[in-house]
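This report concerns only the one structure given below.
Read-outs: derived from the displayed coordinates by stated rules, not from any lab. All of these numbers come straight from a predicted model, not from anything done at the bench. For neighbour counting, all protein chains shown are included, and Cβ atoms are generated from backbone atoms with ideal geometry for every residue, glycine included.
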Amino acid sequence: MKPKIIIVDDDKLICELYSEYFAQNGFSVQSACSAAEALEKIRKDMPDIVLSDIVMPHEDGFSFYEKIQLFNPDLPFVFVTGYDHDNKVLEHLKKIGRKWISKPVMLEELMELVQSELHK
């Protein structure tokens, strides 16, 4: 069975790029352009892993992550960020203990990180 991933990023081009890449590499892919849209999709069809941007309008990736933790604390979750130079972002990432990858993303590295989180 194909592993299911949901990609959450307010940049539609990023969602399309990641979606195409993961689909070509054997994943069943959903994408969402907001945390609210992603949460709705997750409640209907639970993925095996979430890949989420941190900085998004309306609701950031950290708030989205906290909502998911309320009903599925074991769901693998990987953050993608262009703000890894921001001390507050880094502190929060370290505090919650989740993996992240910095933009610009090398797709092969992203795949390795996702695979490692799926096989924990």
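Of all the residues that make up region 95-120, how many are surrounded by 12 or more Cβ atoms within 10 Å (Cβ to Cβ) and not aromatic (Phe, Trp, Tyr)? Before the answer, list the steps.
Initial filter on region 95-120 (surrounded by 12 or more Cβ atoms within 10 Å (Cβ to Cβ)): 96, 98-103, 105, 107, 110-118.
Among the residues that remain, those that are also not aromatic (Phe, Trp, Tyr) are: 96, 98-99, 101-103, 105, 107, 110-118.
Counting residues in region 95-120 that are surrounded by 12 or more Cβ atoms within 10 Å (Cβ to Cβ) and not aromatic (Phe, Trp, Tyr) gives 17.
One residue stands out in region 65-100 among those that are within 20 Å of residue 3 (Cα to Cα) and among the aliphatic types (A, V, I, L, M): the one that is nearest to the chain's Cα centre (by Cα), namely 78. Only residues that are small (Gly, Ala, Ser) and on the phi < 0 side of the Ramachandran plot: list them for region 79-120, please. Within region 79-120, 82, 102, 116 qualify. Within region 26-35, the residues that satisfy the criterion of being surrounded by 15 or more Cβ atoms within 10 Å (Cβ to Cβ) and over 20 Å from residue 103 (Cα atoms) are 27, 28, 29, 30.
For region 63-94, the set of residues classified as among the β-branched types (Val, Ile, Thr) and loosely packed, with under 14 Cβ neighbours inside 10 Å is empty. Among the residues of region 1-30, those that are over 19 Å from residue 104 (Cα atoms) and free of Cβ contacts under 8 Å to residues at least 40 places away in the same chain comprise 1, 2, 23, 24, 26, 27, 28, 29, 30.
Can you name the residue in region 39-55 that is hydrophobic (A, V, I, L, M, F, W, C) and more than 11 Å from residue 5 (Cα to Cα) and, of all such residues, is surrounded by the most Cβ atoms within 10 Å (Cβ to Cβ)? Applying the filter and picking the extreme gives 54.
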